[in-house]
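Each remark here refers to the structure printed beneath this line.
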């Protein structure tokens with residue numbers, strides 16, 4: 001997560017060399033600041049969910065390890081599209097790279113839970129809790145996909161489409177009702 005701040009630190013150095021005032025710096029880097037905060041919150045959320053799942057894992061198989069490494073790759077990569085989001089003009093490719101990375105992170109989270117659901121001996125997690133977690137992950141993937149479409153092709157909305165994620169809970173409950 002600390003890598004997210006590096007582009008802002010470079011901007012501070014640049015601003016100091018140019019002798020600009022703090023208010024001007026904040027105005028000039030507002031895009032970077034917003035992308036930093038957004039990505040920080042999203043990564044923190046992913047990490048908390050990862051912790052909730054893996055703290056109850058009692059054994060690791062090579063497959064589960066590779067799933068976890070795939071998840072970690074998406075987390076380590078996220079500062080790159082975050083920097084693009086804060087420093088480059090917004091376009092469909094940028095939205096696809098940024099939100100696409102978030103989708104891959106969520107899919108890796110879902111994959112781990114599905115794997116644990118098929119190998120209940122690897123974790124002290126009730127099957128029903130894993131099913132609920134999978135429904136939440138599927139809901140998040142659906143909403144990330146909708147956000148990606150809106151951010152990439154409905155420019156006035158842009159990354160505000162990520163606010164759709166507040167609907168994860170209601171969509172998760174709907175998916176669980178469908179399952180019954």
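Restricting to DSSP H runs of at least four residues, report the calculated mean residue ellipticity at 222 nm for the chain, -39500 (n - 2.57) per run over all residues, nearest 500 deg cm²/dmol.
Helix-only estimate at 222 nm: -25500 deg cm²/dmol.
Roughly how many Å is it from the Cα centre of the stretch 126-179 to that of the stretch 16-74, as a whole number?
19 Å
Over the Cα atoms, compute the radius of gyration (one decimal) and Dmax (the largest Cα-Cα distance, rounded to a whole number) for the stretch 2-179, in Å.
18.5, 61
Expressed as an acute angle from 0 to 90° and rounded to the nearest 10, what is the orientation of the C-alpha long axis of helix 30-54 relative to the principal long axis of the chain?
20 degrees
What number, in percent, do you get for the relative contact order of the stretch 2-179 if the mean sequence gap of Cα pairs under 8 Å and at least 6 apart is divided by its residue count?
About 20 percent, as a whole number.
Rule-based calculations on the coordinates, nothing more; no lab input. Just so we're clear, the structure is a prediction, and the values are computed from it rather than from any experiment.
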